[in-house]
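Student: This is the structure I have questions about; it appears just below.
We did not get these values from a lab; they are worked out from the coordinates using the rules stated. Computed from a predicted structure; not experimentally measured. Cβ placement follows ideal geometry from the backbone for every residue including glycine, while neighbour counts extend to all protein chains displayed.
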Amino acid sequence: KKPAGAPDKALARKVTKVGVVGAGLMASQMALLFARRLEVPVVLTDLDQARLDKGVGYVHAEIDKLLGKGRVSGDQANRLKALVTGSLTKDAFADADFVIEAVFEDLKVKQKVFAEVEEVVSAECVLATNTSSLPLTEMASSLRHPERVVGFHFFNPVAVMPLLEIIRGAETDDATLATAFSVGRSLKKSSVLVKDAPAFVVNRLLTRFMGEVIGAVDEGTPLEVADHALDGLGLPMTPFTLLQLVGPAVALHVAETMHAAFPARYGVSDNLARLVAAGKPGVYAPDFSLDAEAVALFSGGTS
Ligand code: 3HC
């Protein structure tokens, strides 16, 4: 079924090579998915060799897991590994048709990345962003071809979450959008088309959901009680497990974006900010026991 608002399929351009800017967790998960589903070369770039090696290493390790589960054959695993490479320069994107960025959530950083990519790619190459909440139209505004910028927002874990939020900026043209939908179909995702707006649609809701649970803790409900209050509703994971999956820094960033846009409706929790400042990955330890230090930070250092 054609997603609401999707342009005519015939306008879609063929994608024969993908560039991924960034080699962090979202970027490497995306690189694997592109290689696996589109079966085209995928080049990751990052600032230094260590980050690149980590990103490509993650992809190779995930391919080995797929091989172990019998989801791909030995030949397929080798082919997939060969498709995903790392490069320190964006020149490697010269013949890419679709470049997606998943770098640090800062508008200026993303604008700079797109300006650099635009120097090396063709005028028709799609520039996609996996931003969680930053304004797409502003990200595109100083480019020579803002019409080829589109939001392509994945959800964590990228391999398993079916949803893909496709965002149309003020200048995004139909060919770009049709290409984005066509790639989404090849990736076997369920795409929804949304308008450019603070945090688009999905993170508005998720931020509200997370914000209310965090708010209950801010107001004195013990964290472990608030985190398990919804267990009987059958959600796939508890709110603080979800916070861990998303990453407290990303969650805080989205909350700040929403607060700036709608101050009366979205707050920014001091407890969450304290957790982020301490560099904690969440309130749970790797074995999913509660990290007492993180819980204390989250309770204003008082529990
Ligand atoms: N990477 C790759 N695969 C993963 C994975 C990961 N991080 N985590 C789980 N999986 C795979 C498992 O390998 C398993 O695959 P298999 O069937 O091939 O063996 C499958 O997912 C199911 O995993 P499990 O049986 O271990 O666990 P669950 O049934 O509990 O499912 C879950 C795990 C799919 C993550 C589920 O808990 C869930 O849906 N959680 C909610 C996640 C969510 O809401 N994400 C959105 C976050 S918001 C976001 O990303 C937006 C951003 O902008 C903030």
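Student: Using alpha carbons only, how many angstrom separate the centre of segment 241-303 from the centre of segment 19-82?
Tutor: Using only Cα atoms to place each centre, the spacing works out to 29 Å.
Student: Most exposed first by the Cβ proxy, i.e. fewest other Cβ within 10 Å, how do LEU205, LEU177 rank? Write down the numbers at each step before the final one.
Tutor: On the way: LEU205 10, LEU177 24.
Lowest to highest Cβ neighbour count: LEU205, LEU177.
Student: Ok, one more. Counting trypsin sites (Lys or Arg not before Pro) as exposed when in a DSSP loop with at most 13 other beta carbons within 10 Å, what is the longest stretch of the chain free of them? Display every interim value, and only then the final one.
Tutor: Details: sites that count: LYS1, LYS14, LYS69, ARG71, ARG144, LYS188, ARG265.
Value returned for the longest uninterrupted segment is 189-264.
Student: Right, next: Going through segment 207-303, which GluC sites (Glu not before Pro) have at most 15 other Cβ atoms within 10 Å and a DSSP loop state? Can you show the working numbers first?
Tutor: Values: sites: GLU212, GLU219, GLU224, GLU256, GLU293; in loops: GLU219.
Passing both the DSSP loop test and the Cβ count: GLU219.
Student: Specify, per residue and in Å³, the volume enclosed by the convex hull of the alpha carbon atoms belonging to segment 85-130. Intermediate values should be presented prior to the final figure.
Tutor: Details: hull volume 3.6 nm³, N = 46.
For segment 85-130, the hull spanned by Cα atoms encloses 78 Å³ per residue.
Student: Which of rounded, prolate or oblate describes segment 172-303 when judged by the alpha-carbon gyration tensor and an a/c cut-off of 1.5?
Tutor: Prolate.
Student: Choose one answer from GLY234, GLY247, GLY24: the residue with the largest mean-square fluctuation in a GNM of the chain with alpha-carbon springs under 10 Å.
Tutor: In this elastic network of the chain, the residue with the biggest mean-square fluctuation among GLY234, GLY247, GLY24 is GLY234.
Student: What do the square roots of 5 times the Cα gyration tensor eigenvalues come to for the chain, in whole Å, largest first, as semi-axes of the equivalent ellipsoid?
Tutor: After scaling each eigenvalue by five and taking roots: 33, 23, 18 Å.
Student: How would you classify segment 1-91 from its alpha-carbon gyration tensor, with a ≥ b ≥ c the square roots of the eigenvalues: rounded for a/c under 1.5, else prolate if a/b is greater than b/c, otherwise oblate?
Tutor: On the way: a/c = 2.12, a/b = 1.29, b/c = 1.64.
Oblate shape, in that a/c is at least 1.5 and b/c is the bigger or equal ratio.
Student: Using DSSP to call loops (not H, G, I, E or B), can you name the GluC sites (Glu not before Pro) in segment 62-145 whose Cβ has at most 13 other Cβ atoms within 10 angstrom? Show your work: numbers first, answer last.
Tutor: Numbers: sites: GLU62, GLU101, GLU105, GLU116, GLU118, GLU119, GLU124, GLU138; in loops: GLU105, GLU124.
Sites meeting the loop and neighbour criteria: GLU124.
Student: Given the options ALA278, ALA35, ALA102, state which has the largest fluctuation in a GNM of the chain using a 10 Å cut-off (strictly under) for Cα springs.
Tutor: Comparing ALA278, ALA35, ALA102 in the GNM, the peak value goes to ALA278.
Student: Label segment 247-294 by shape, choosing from rounded, prolate and oblate, from the square roots a ≥ b ≥ c of the eigenvalues of the Cα gyration tensor; if a/c is under 1.5 it is rounded, and otherwise prolate applies when a/b is larger than b/c, oblate when it is not. Show your work: numbers first, answer last.
Tutor: Working: a/c = 2.90, a/b = 2.70, b/c = 1.07.
Cα axes put segment 247-294 in the prolate bin.
Student: Pick out, in residue order, every one of the chymotrypsin sites (Phe, Trp or Tyr not before Pro) in segment 222-303 that is DSSP loop and has at most 15 other C-beta atoms within 10 Å; say none if there are none.
Tutor: Details: sites: PHE240, TYR266, TYR284, PHE288, PHE298; in loops: TYR266, PHE288.
Qualifying residues, ordered by number: PHE288.
Student: Relative contact order for segment 101-221: what is it in percent, counting Cα pairs under 8 Å that are at least 6 residues apart?
Tutor: On the way: 170 pairs, mean separation 25.6, N = 121.
It comes to 21 percent, rounded to a whole number.
Student: Further question: May I ask for the net charge around THR137, where only other residues with Cβ less than 9 Å from the Cβ of THR137 are counted and Lys, Arg are +1 while Asp, Glu are -1? Don't jump to the answer; show the numbers that get you there.
Tutor: Details: positive: none; negative: GLU138, GLU171, ASP196.
Local charge sum for THR137: -3.
Student: Using a Gaussian network model of the chain with C-alpha springs under 10 Å, which one of PRO239, PRO157, PRO286 is most mobile by mean-square fluctuation?
Tutor: In the Gaussian network model the winner is PRO286.
Student: So, in Å, what gap is there between the alpha-carbon centers of segment 195-218 and segment 162-192?
Tutor: The two parts, judged by their Cα centres, are 23 Å apart.
Student: Relative contact order of the chain, please, whole-number percent, based on alpha carbon pairs below 8 angstrom and at least 6 residues apart. Could the numbers behind the result be given before it?
Tutor: Working: 520 pairs, mean separation 46.6, N = 303.
15 percent.
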